[in-house]
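Notes follow the structure.
The values are calculated or read from the model by the stated rules, or taken from the named source; none is laboratory data. Keep in mind it's a predicted model, so treat the numbers as computed, not measured. Cβ sites come from the backbone with ideal geometry, for glycine too, and all protein chains shown count toward neighbours.
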Amino acid sequence: MNSVPHPSAPPARRAMLLETRAVVDMARMVMPLLGSQLRQRPPQDDRRILVIPGFGSDDRWTAPLRHYLNRLGYPAEGWGLGKNLAGVDLRHSLEDLSANWEFSPRPNYRGEASVPYLADRLADRVRHRHAALGVPITLIGWSLGGYLAREVARDLPGIVDRVITLGSPTIGGPKYTAAAPFFRKRGMDLDWIETEIANREARPIIQPITAIYSKSDGIVRWNATIDHHSRNVRHIEVKTAHLGMAFCPTIWRHIVEALASPGPSLDS
C-alpha cells in the first residue's frame, strides 16, 4: 500500500453521478434478507456488535445490515446516539474533550474538534454496553461512522475487539470528502484538523481492522481510506457506491467473513 498516492482533494463532482448506483445495492439487498440462509441462528460467539451510521444518517439506515447480522447469529445493535451530525450539533469547547485528545491550543475555535467530541460520547456508550453485557464490543462504521469506530477502538483496546469500516477516511478528517464544504462554511480550519488527527497515529490502533473501500467512491476520496499506520489492517476493494455500502450484499459477506475470523485476546 506504500505506492498509494496521497489524496489531494475531495472526489470530483462528476463522481457524485456514480452514487446513483446505491439504488441498485438497495434493490439487491432484498434477496439476501429474504433468503433461506437467514433462518435465525444461535449466537456465533460472545460479543456484541455496534453499527455506527455515516454523516447525516441514523440507526434506521443501518437496520438492514443489523437484521442480516442478527439473523446469522451475530448480535448487532445501533449506536443509539441519534443522527450522526459529526458533533456540530453538540455544544462544547476544546476543554470538554477527554484527555485522550491532545490538541494544540486554538484561540479562534470554530468547532474543529466536534467529531472527536462525538467520539468521546460514543466511547462512553461503548463502555456502558461493555459493562452491561460483559462481552467484547465489535464496531462496524460506515463512512464517518467508521472514523468514529477507529478512534474509539484506539482509546478502548481492552473493550473493542475489532473494527470494520465502510468507505471511511483514515486521514484528513473531512478534508478529502464531499462534506468538506459543509465544514468550511462553518469556519473550520480543515488543515488544522488534518494535522491534529494525524498526531493520534503516535498511538496506533492495535485491534484487527477490516477496511472496505471503493475506488469509484463519490463521497470519500478512495486513497484517503487506506490505512498506512495500523499494524493489523486488511483492505478490501469493492465496486460500489459510497451511499450503497451499508446495503450492498457483497459487502455484507465481507463483513461476515471478518467477523468469523479469529480475533486476538483483549488481554494481549
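Before moving on, here are some points about what is shown:
- Residues satisfying the criterion are present in region 91-98 (criterion: modelled with pLDDT of 95 or more and either buried (at least 22 other Cβ atoms within 10 Å of the Cβ) or polar (S, T, N, Q) (or both)).
- Qualifying residue in region 178-193 (condition: of a type in the set (Val, Ile, Thr) and in contact with a Ser or Thr (Cβ under 9 Å, 6 or more places away or on another chain)): no
- Test: residue in region 76-88 that is surrounded by 12 or more Cβ atoms within 10 Å (Cβ to Cβ), under 23 Å from His235 (Cα atoms) and either at pLDDT 95 or above or not hydroxyl-bearing (Ser, Thr, Tyr) (or both): yes
- Reported count of residues in region 63-81, each being assigned to a loop (DSSP other than H, G, I, E, B) and touching a residue at least 40 places away in the same chain (Cβ under 8 Å), is 5.
- Tallying residues that are surrounded by fewer than 16 Cβ atoms within 10 Å (Cβ to Cβ) and over 25 Å from Val160 (Cα atoms) within region 188-215 yields 3.
- Checking each residue in region 110-130 for being more than 17 Å from Ile52 (Cβ to Cβ) and either of a type in the set (Val, Ile, Thr) or surrounded by 18 or more Cβ atoms within 10 Å (Cβ to Cβ) (or both) picks out Gly111, Glu112, Ala113.
- Filter pass, Pro105 being in contact with a Leu (Cβ under 8 Å, 6 or more places away or on another chain), touching a residue at least 40 places away in the same chain (Cβ under 8 Å), farther than 21 Å from Arg60 by Cα and not aliphatic (A, V, I, L, M): no
- Those helices (runs of 4 or more DSSP H) of region 149-268 in which at least 2 residues are under 17 Å from the mean Cα position of the chain (by Cα), at pLDDT 95 or above and closer than 24 Å to Leu72 by Cα, considering only elements entirely within it, cover 249-260.
- Of the residues Asn100, Asn84, the single one that is among the polar types (S, T, N, Q), under 15 Å from the mean Cα position of the chain (by Cα) and in a loop (DSSP other than H, G, I, E, B) is Asn84.
- Some residue of region 115-130 being of a type outside the set (Ser, Thr, Tyr), closer than 17 Å to Ile193 by Cα, over 13 Å from the mean Cα position of the chain (by Cα) and not in a helix (DSSP H, G or I): no
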